Structure formats: structure tokens, C-alpha cells
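Okay, so here's the structure we're looking at.
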Amino acid sequence: MAVSDRRSWAVGIAVVAALLLLWMVNPWLSVPDSLRPIVTVAFWVSAIALLVVLYLIARATPRSDEVEVEGPAFARFLFNNSAAGLIWLPIRLFVGFEWLEAGWHKVSGGGWLDGGSALAGFWKSAAAVPDQGRPPITYEWFRDFISFLLAGHHETWFAPLVAFGELAVGLGLIFGALTGVAAFFGAVMNMSFLLAGSASTNPIMFTLAIGLILAWKVAGYYGVDRYLLPRLGTPWRPGVAVRRTAEPAT
């Protein structure tokens, strides 16, 4: 597909996404409850499609790898310089031990690995709609998701996934192993708890996790990533170990 055709597609998708978003968030013309899930899904599908098309346009444009807007020197140091690993080290350890403690509490306690009753109780409390006041969950689509999990008794496998996931995130951050990946899944859990109406330490943890994700190249430099990342590399630039595995045998 030619670049001009992709631009035409991008404009059309952008218009659709903008109209759907305007319909969802404007205070005058609300989306009917029966159509809200469909409109929400349609918006996210169109937004993701727009992102993909714009990326393909950028990749097909000559000199697309050049930096168009130069970031401030401090940001380049913080997110790209290995010396900044010392700045991220205490943040990484703080977030890591918080997740490790939370996961260990679930693994060593009851209601998580023995059927998931603790998680089911949390879901029921979050999905409840009180007669007065605001419910814990603001977005209907997330309440529908929680209700779906409850109706299918999915807490039996979801609870161990959460417990061991918290342990894995904590260990990954503490040892600095695949720091960006660990921080990403930690942020996903933080966001899930926030959507369920549980604030607690989640706003702070989520904010620090975003920083660790942005600094994924250097946040684990004083840890396993110092040796692991050069060997693994990235999907767009494989490391030493991956290149050797891909080399044909002679």
C-alpha cells in the first residue's frame, strides 16, 4: 500500500476514533447503555488501528529514524545513561519489596491459593452498586468484566496468578532482571486495583512503575540487566545470544 493511501486510511480512522470518543465523553448526548460496550470497543479498536497505520507511514518515510524533537539533556541522562541506574536503584528496590511483600502475604495466607475466596470477596465488594453514594468502580465496562469473572468462578485460577505475579514482579525489580517487563506488569496490576476502586499505595506504585518502564534500558544496570540485556537485545536489535542461536549451523 502506498504512503498516500495509508495517510488516507489514517485520516479516516482518526475521524472515526474522534467521533466515537466525543460521543462517549460529551455531557450532552450520552451513549445508550446497550450500546456503550460496543462503542467502547469500537473506539479502542480504531485507536489501535490508527497507531499501527501511523507507525507504518513513519517507517515508510525516508529518514524516519532521525529524531525530530530533541529531548532535554536531563531526560536523556535519566532514561538512557547507565550512570542513572544509581538513581533508579532505590526506586526499583522500594517498588520491588512492596510487590514481594504483597505477593508473599497472599502466598503464605489463606484465600488465594486454596480456591481464591479472598479475591472473590474483593471482586464482589468492588462490583457492588450501593443504594446511595458512588460505587467503587466508575467504568461500567470494568464492572462488567469483574462480574464476568465472578459468574464464571475464575477466581480459582486468577487468584494464584495474582499472588505469584506479584512475587515475580517483586523479584524481577529487586534483582534488576527484565526491569522494564516487571515494571510493566506491576503497573498493569496497579491500574487494575485502581479501576476496582482501591487506592492504597497504588497511585505511588503506578507512578514509579511508569518511570521504571521509561528507563528500562538503564534502571536495571546495577542488577542482572547489566549482563542480560546485551545478550538478549530487543526484538528490533537482537543481542549476542539471540544472534548466535539464529545463525545456521555449518
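Relative contact order for the chain: what is it in percent, counting Cα pairs under 8 Å that are at least 6 residues apart?
Dividing the mean separation by the residue count of the chain yields 19 percent.
Starting from the Cα gyration tensor of the chain, take the square roots of the eigenvalues, sort them a ≥ b ≥ c, and report rounded, prolate or oblate (rounded when a/c is under 1.5, otherwise prolate if a/b is larger than b/c, else oblate).
Cα axes put the chain in the oblate bin.
What number, in percent, do you get for the relative contact order of the range 93-206 if the mean sequence gap of Cα pairs under 8 Å and at least 6 apart is divided by its residue count?
35 percent
Does the range 44-171 classify as rounded, prolate or oblate by the C-alpha gyration tensor (a ≥ b ≥ c root eigenvalues; a/c under 1.5 gives rounded; else a/b over b/c gives prolate, otherwise oblate)? Spell out each step's value before the answer.
Details: a/c = 2.59, a/b = 1.50, b/c = 1.73.
Since a/c reaches 1.5 but b/c is at least a/b, the shape of the range 44-171 is classed as oblate.
Just going by the charge dipole of the chain, with Lys and Arg at +1 and Asp and Glu at -1 on Cβ, which of Gly152, Pro37, Thr234 is farthest out on the positive end?
Thr234
Per-residue ellipticity at 222 nm for the chain, helices alone: DSSP H runs ≥ 4 residues times -39500 (n - 2.57), over residue total, nearest 500 deg cm²/dmol?
Numbers: 11 runs with 169 residues, N = 250.
That calculation yields -22000 deg cm²/dmol at 222 nm.
Charges on Cβ only, +1 for Lys and Arg, -1 for Asp and Glu, centred on the Cα centroid of the chain; of Phe74, Trp123, Met189, which one is farthest towards the dipole's positive end?
Towards the positive end, the residue furthest out is Phe74.
Work out which helices of the chain, taken as complete DSSP H runs, extend at least 20 Å along their axis over the Cα atoms and score a mean Kyte-Doolittle of 0.0 or more, then list them.
3-25, 36-60, 85-108, 155-175, 179-195
If you place +1 on the Cβ of every Lys and Arg and -1 on the Cβ of every Asp and Glu, how big does the dipole about the Cα centre of the chain come out, in debye to the nearest 20? All intermediate terms of the calculation are to be shown ahead of the outcome.
Numbers: 17 positive and 16 negative charges, 131 e Å.
With Lys and Arg at +1 and Asp and Glu at -1, about 620 debye.
Along the charge dipole of the range 111-211, Cβ charges K/R +1 and D/E -1, which of Leu178, Phe142, Met205 sits furthest on the positive end?
Farthest along the dipole direction, towards plus: Met205.
Quick one: accessible area per residue over the chain, 1.4 Å probe, rounded to a whole number of Å²?
I get 63 Å² per residue for the chain.
The values are calculated or read from the model by the stated rules, or taken from the named source; none is laboratory data. In this text, all values refer to a predicted model and were calculated from it rather than measured experimentally. Counting neighbours? That spans all protein chains shown, and the Cβs are built from the backbone with ideal geometry, glycine included. To get the accessible areas, we keep the full protein, side chains included, count just its heavy atoms, and leave off ligands, DNA and RNA. Shrake-Rupley method; radii C 1.70, N 1.55, O 1.52, S 1.80 Å.
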